[in-house]
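Throughout, read-outs are computed from the coordinates displayed, never taken from laboratory work. Computed from a prediction, not measured in an experiment: that's the story for all the values here. Cβ: placed from backbone, ideal geometry, glycine included. Neighbour counts: every protein chain shown.
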Amino acid sequence: MSHSKTCSVLFVCLGNICRSPAGEGLLQHSIDTRQLQGDIEIDSAGTIGYHTGKPADHRMRIAALNRGVELLSQSRKITVKDLHSFDLVIAMDRENLADIQRMTPEPTAELKLLSDFLGDNWPSDVPDPYYGGDEGFEYVLDMIEAACPSIIDSIST
Ligand code: 4NP
């Protein structure tokens, strides 16, 4: 019998309609397909509340669906409470991370960048795809997919 502990992960970007919903969906999918034991909770949030209540951007939903992943999140703004209730918070870029760090002096969550789970051949920031073309959405998904194995390793050990 396995005794995996409960772990919770929060992905954070600016608007919570492109990058962090993709992180939430792809990590959940990766965990589901590996049939990992244990109770892992995954969520996402944005540092701005501008899109609160909205589903993920349709371009990101289509790009994810093309990889077999349905994105079902609704945008919400990150709260100080998130930084004291989640075990791991993964920011998509350094600006997101700085915004999170300014929210509370002593978060209990471990704060990381998505690129902390990637090799040096990837950039430090997950580029914001919102104002660009379809290739930007594909690149975000490529980056997240590449990071998922290391994220899973870090939460399941
Ligand atoms: P996200 O992308 O941070 O990956 O969700 C963005 C979504 C919306 C805006 C900026 C980035 N916006 O300025 O409305």
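Listed by first and then second residue, the pairs with beta-carbon distance under 9 Å, at least 6 apart or on different chains, first residue in region 35-51 and on the phi > 0 side of the Ramachandran plot, second more than 10 Å from the ligand (Cβ to nearest atom), are Gly38/Ser2; Gly38/His3; Gly38/Ser4; Gly38/Lys5; Gly38/Thr6; Gly38/Cys7; Gly38/Ile155; Gly38/Ser156.
Go over the candidates Lys81, Lys112 one by one and state the one that is over 15 Å from the mean Cα position of the chain (by Cα) and closer than 17 Å to Ser8 by Cα. After ruling out the rest, the residue left standing is Lys81. Under the condition of being among the β-branched types (Val, Ile, Thr) and within 12 Å of the chain's Cα centre (by Cα), the residues counted in region 8-44 number 4.
Exactly one residue out of Glu95, Glu70, Glu106 is more than 17 Å from Ser20 (Cβ to Cβ) and either charged (D, E, K, R) or under 16 Å from the mean Cα position of the chain (by Cα) (or both), and it is Glu106. The helices (runs of 4 or more DSSP H) located wholly in region 6-125 that include 2 or more residues which are within 11 Å of the ligand (Cβ to nearest atom) and under 22 Å from Ser156 (Cβ atoms) occupy 19-34.
Residue count for region 129-145 under the criterion of being within 11 Å of the ligand (Cβ to nearest atom), touching a residue at least 40 places away in the same chain (Cβ under 8 Å) and more than 13 Å from the chain's Cα centre (by Cα): the result is 3. Summed over region 16-61, the residues that are of a type in the set (Gly, Ala, Ser) and closer than 18 Å to Asp125 by Cα give a count of 6.
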